[in-house]
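The values are calculated or read from the model by the stated rules, or taken from the named source; none is laboratory data. These numbers come from a predicted model, not from an experiment. Note: ideal-geometry Cβ built from the backbone for every residue, glycine included; neighbour counts use all protein chains shown. Heads up: the accessible areas ignore ligands, DNA and RNA and are worked out on the full protein's heavy atoms, side chains in. Shrake-Rupley method; radii C 1.70, N 1.55, O 1.52, S 1.80 Å.
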Amino acid sequence: MRYDIVIIGGAIVGSSIAYYLREEEFSGSIALIERDPQFAHAATTLSCASIRQQFSIPQNIRLSQFTMKLFRRLKEEFGADADIGFREGGFLILASENGLPILNANHEAQVAEGADIVLEDADQLTRRFPWLSTEGISAGSYGRSGEGWFDAHAMLTLFRKALRGKNVDIMTASVIGIERQGHRVTSVRLDNGETIEAGTVLNAAGPNAGKVAALAGLALPVEPRKRNVFVFEAREKYADMPLLVDPSGIYVRPEGSVYLTGGAEPEEGDGPADPQDFEVDWPLFEEVIWPVLATRIPAFEAIKPTRAWAGHYDYNTLDQNAVIGPHPKVKNFLFANGFSGHGLQQAPAVGKALAELLVHGGYRTVDCSAFGYIRVAEGRAFRELNVI
């Protein structure tokens with residue numbers, strides 16, 4: 001078999017790339033390879049499924065703004081029944097006095113990009129959200145529009161369904177080898193014994209991206225990091241609650257009649273996850289999350305945990321930012337990796353950008369040059385400070 005483009009990884013990033021290749025009228029053959037067709041362990045479906053414009057780097061803001069525009073015209077793009085349950089509830093990112101300079105700098109970058117974010121002091125926040133305790137808080141940035149959360153499964157399903165009529169061959173397999181001849185990749189080997197010749201290979205393998213790059217003899221500082229999400233019930237229901245991020249890194253948001261929370265994994269000792277480890281670390285809820293929630297939202301002193309899940313995301317150890325575009329020497333091997341927790345919200349923009357690069361020879365809608373691999377080769381960090 002031979003394909004003009006082989007995409008390794010069929011969740012939201014890979015599916016977006018395939019979708020936009022056809023939207024940009026790429027007429028060649030496309031193979032989309034996914035090892036987990038139910039997406040039981042995919043970063044896409046195990047995420048907390050949110051979108052924000054509150055980043056520290058303008059390029060990240062622009063990626064999410066593209067996706068936000070897509071959300072606004074979802075039915076026009078995917079049909080009248082397209083629905084991802086998007087709730088435009090906003091983000092509220094809180095800062096202590098020590099974190100205030102970064103919050104201010106981030107806010108300036110966001111406003112410069114046209115984001116509808118307001119910066120408020122503790123008194124203003126208390127007036128806006130009477131249920132909030134601002135103990136130890138100097139200020140917070142609040143997204144009044146263009147931020148919120150949605151159904152990750154529904155979003156992935158939209159893209160996957162849209163591929164059905166676009167002549168994309170979807171394969172269930174694991175890639176176990178990538179052959180190179182000099183500065184070109186030539187084929188990929190699958191665990192079912194097949195070998196596929198490839199004109200271009202795109203790495204969209206999520207948490208497994210570092211290993212996929214290594215198969216081609218390329219270094220990519222991306223590894224799986226385990227993250228836990230807990231669901232709890234509370235007597236009080238706050239319809240106006242945004243996705244709140246405490247200075248500790250703990251976050252919480254409403255989800256229908258319950259709440260989701262997480263962010264308790266300590267930085268110290270946080271390393272690559274065992275690919276098979278999806279066991280929930282329940283002590284994190286009791287020992288770390290609950291005390292923070294009770295302090296920040298006094299009504300949450302009395303809550304009842306109900307269930308939880310653990311997932312892996314693709315963590316870029318260099319700078320917690322995406323790596324997008326071709327390898328500078330192996331030019332027919334492209335990266336769409338290392339999103340470090342915000343890949344779901346940026347996937348459509350990256351799919352569009354890479355499709356434009358492959359079809360037209362350059363970025364047109366969103367310039368992703370700053371995310372290029374060259375910084376990895378040079379060990380030069382392009383750091384995102386607002387990682388949740």
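Odds and ends about this structure:
- Checklist (1) surrounded by 14 or more Cβ atoms within 10 Å (Cβ to Cβ); (2) in contact with a strand residue (DSSP E or B) (Cβ under 7 Å, 6 or more places away or on another chain) applied to ARG184, failing item: (2)
- The number of residues in the stretch 359-373 being surrounded by 13 or more Cβ atoms within 10 Å (Cβ to Cβ) and assigned to a helix (DSSP H, G or I) comes to 4.
- Of the residues making up the stretch 245-267, just one is hydrophobic (A, V, I, L, M, F, W, C) and farther than 23 Å from TYR315 by Cβ, namely VAL258.
- Residues located in the stretch 67-88, provided they are within 18 Å of the chain's Cα centre (by Cα) and small (Gly, Ala, Ser): GLY85
- Which numbered condition LEU354 misses (of (1) in contact with an Asp or Glu (Cβ under 9 Å, 6 or more places away or on another chain); (2) open to solvent by less than 40 Å² (accessible area, probe 1.4 Å)): (1)
- The listed residue being surrounded by 23 or more Cβ atoms within 10 Å (Cβ to Cβ) and modelled with pLDDT of 95 or more, out of ALA234, ALA204, ALA214, ALA219: ALA204
Listed here are the residues, each with its yes/no results for (1) in a helix (DSSP H, G or I); (2) out of contact with any Pro (no Cβ under 7 Å at 6 or more places or on another chain).
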{"position": "ALA105", "(1), (2)": "yes, yes"}
{"position": "ALA109", "(1), (2)": "yes, no"}
{"position": "GLN124", "(1), (2)": "yes, yes"}
{"position": "ARG127", "(1), (2)": "yes, yes"}
{"position": "TRP131", "(1), (2)": "no, yes"}
{"position": "GLU135", "(1), (2)": "no, yes"}
{"position": "GLY146", "(1), (2)": "no, yes"}
{"position": "LYS161", "(1), (2)": "yes, yes"}
{"position": "SER187", "(1), (2)": "no, yes"}
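- Listed by first and then second residue, the pairs linking a residue in the stretch 239-264 that is farther than 14 Å from GLU287 by Cα to a residue that is part of a strand (DSSP E or B) and among the acidic types (Asp, Glu), with Cβ atoms under 8 Å apart and 6 or more places separating them unless they lie on different chains, are SER257/GLU233; VAL258/GLU233; TYR259/GLU233.
- Residue in the stretch 37-58 that is open to solvent by 20 Å² or more (accessible area, probe 1.4 Å), over 30 Å from SER133 (Cβ atoms) and assigned to a helix (DSSP H, G or I) present: yes
- Residues of the stretch 328-340 that turn out to be over 17 Å from ILE12 (Cα atoms) and either buried (at least 24 other Cβ atoms within 10 Å of the Cβ) or under 17 Å from the mean Cα position of the chain (by Cα) (or both), as a count: 1
- Enumeration of residues in the stretch 223-251 that are touching a helix residue (DSSP H, G or I) at 6+ places or on another chain (Cβ under 6 Å) and among the hydroxyl-bearing types (Ser, Thr, Tyr): SER248
- When the stretch 288-320 is filtered for residues that are touching a helix residue (DSSP H, G or I) at 6+ places or on another chain (Cβ under 7 Å) and farther than 15 Å from VAL252 by Cα, the ones remaining, listed by number, are HIS312, TYR313, ASP314, LEU318.
- When residues of the stretch 374-383 are limited to those that are over 21 Å from the mean Cα position of the chain (by Cα) and charged (D, E, K, R), the one surrounded by the most Cβ atoms within 10 Å (Cβ to Cβ): ARG380
- In the stretch 1-19, the residues that are farther than 19 Å from LEU190 by Cα and open to solvent by 10 Å² or more (accessible area, probe 1.4 Å): VAL13
- If you go through the stretch 240-280 and keep only what is aliphatic (A, V, I, L, M) and assigned to a strand (DSSP E or B), you end up with LEU243, LEU244, VAL245, VAL252, VAL258, LEU260.
- Apart from one condition, ARG128 fits all of (1) over 13 Å from GLY90 (Cβ atoms); (2) open to solvent by 60 Å² or more (accessible area, probe 1.4 Å); the exception is (1).
- So ARG164, is it more than 25 Å from GLY343 (Cβ to Cβ) and either buried (at least 19 other Cβ atoms within 10 Å of the Cβ) or basic (Lys, Arg) (or both): no
- Residue match in the stretch 72-79 (condition: touching a Lys or Arg at 6+ places or on another chain (Cβ under 9 Å) and of a type in the set (A, V, I, L, M)): no
- Any hit, the stretch 332-344, residues being assigned to a strand (DSSP E or B), among the aromatic types (Phe, Trp, Tyr), in contact (Cβ under 8 Å) with a residue 40 or more places away in the chain and closer than 30 Å to PHE78 by Cα: yes
- Residue that is nearest to GLY14 (Cα to Cα), among those in the stretch 316-327 that are open to solvent by less than 10 Å² (accessible area, probe 1.4 Å) and assigned to a loop (DSSP other than H, G, I, E, B): ALA322
- Criterion violated by ILE84 - all others in (1) more than 16 Å from ASN386 (Cα to Cα); (2) open to solvent by less than 10 Å² (accessible area, probe 1.4 Å); (3) part of a helix (DSSP H, G or I) satisfied: (3)
- Of everything in the stretch 65-81 that is over 21 Å from VAL111 (Cα atoms) and among the aliphatic types (A, V, I, L, M), the residue that is surrounded by the fewest Cβ atoms within 10 Å (Cβ to Cβ) is ALA80.
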